[in-house]
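Structure first, then comments.
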Amino acid sequence: MTTGRLIAVVGPSGVGKDSVMAGIVASAPQIQFVRRAITRAPELGGEDYDAMPPDAFERAVERGAFCIHWGAHGLRYGIPAKVRNDVQNGAHCLANLSRGALPDAAAVFPDLCVLNITAAPATLAKRLSARGRESTKEIERRLTRVPHPFPEGMHVIDISNDGPLDETVQSALAALQPVRA
């Protein structure tokens, strides 16, 4: 049996994680997209997710429905337990994670790979403003937030998403090539 790998995609809001992930999956269909559960209303969109009320999320945690779960920005996030089996059976799975969840992810997925998507502050500000979900002051707060450091010894691939999306996706795929091999 071939062991797969969880590829955790991290980066600040507005960096284009969802767009980069969609591009990776479209270009490399052998990489599976992981759909998260989030305690966010379904009509808020922004990404492909399973909306769950907080009480249903907590019941799902209690029954072991998630292999990883965490809280951030007033919401709860969960990665379905089946992803662990998929990876153990050889799948390469791509999931949007919070940096704060990486230690838990590394405990569940010892061969964890982190794809850290970055962009210049001006790029982030423009994208966040275009989304129209936050005030100028909230965007400024996001841009001054200091990210959690990566845990020691973690395999991290840094990819800039300041240019055309296709170039970012191709850079990510080239960097992940050894992971896919």
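The values are calculated or read from the model by the stated rules, or taken from the named source; none is laboratory data. Every value quoted in this text rests on a predicted model; they were computed, and no experiment measured them. Only protein heavy atoms, including side chains, enter the accessible area calculation; ligands, DNA and RNA are left aside. Shrake-Rupley method; radii C 1.70, N 1.55, O 1.52, S 1.80 Å.
For the range 57-70, backbone phi angles converted through the Karplus equation (6.51, -1.76, 1.60; θ = phi - 60°) give residue-by-residue couplings of 4, 5, 5, 5, 4, 4, 8, x, 6, 10, 8, 9, 8, 7 Hz, Gly and Pro being listed as x. Just to be sure I understand: if I project the alpha-carbon convex hull of the range 139-181 onto a plane and average over all orientations, what area do I get in nm²? The Cα convex hull of the range 139-181, projected and averaged over all directions, gives 4.5 nm². Counting only protein heavy atoms, what percent of the accessible surface of the chain is carbon or sulfur at a 1.4 Å probe? Looking at the chain in its full context, I get 53 percent from C and S.
The alpha-carbon of LYS82 sits under 26 angstrom from the alpha-carbons of these lysines, leaving out residues fewer than 8 places away in its chain: LYS17. When DSSP beta bridges are restricted to pairs lying wholly in the chain, around 30% turn out antiparallel. Treating each Cα of the chain as an identical point scatterer and summing with the Debye formula, the log10 of I(q)/I(0) at q = 0.15 Å⁻¹ comes to -0.91.
Heavy-atom accessible area for ARG141, with the other protein chains in place and a 1.4 Å probe, reaches approximately 130 Å². Per residue, the convex hull around the alpha carbon atoms of the range 34-108 comes to 90 Å³. Accessible surface area normalised per residue over the range 1-75 is 48 Å², counting heavy atoms of protein chains with a 1.4 Å rolling probe.
Based on C-alpha pairs under 8 angstrom that are at least 6 apart in sequence, the range 31-141 has a relative contact order of 23 percent. Summary of the geometry: the range 35-87 and the range 147-162, compared by the centres of their Cα atoms, lie 23 Å apart. Once you divide the Cα radius of gyration of the range 76-181 by 2.2 N^0.38 Å, the number left is 1.22. On a per residue basis, the range 100-165 carries 61 Å² of accessible surface, using protein heavy atoms and a 1.4 Å probe.
Averaging the sequence gap over all C-alpha pairs within less than 8 Å and six or more residues apart, then dividing by the number of residues, gives the range 93-181 a relative contact order of 38 percent.
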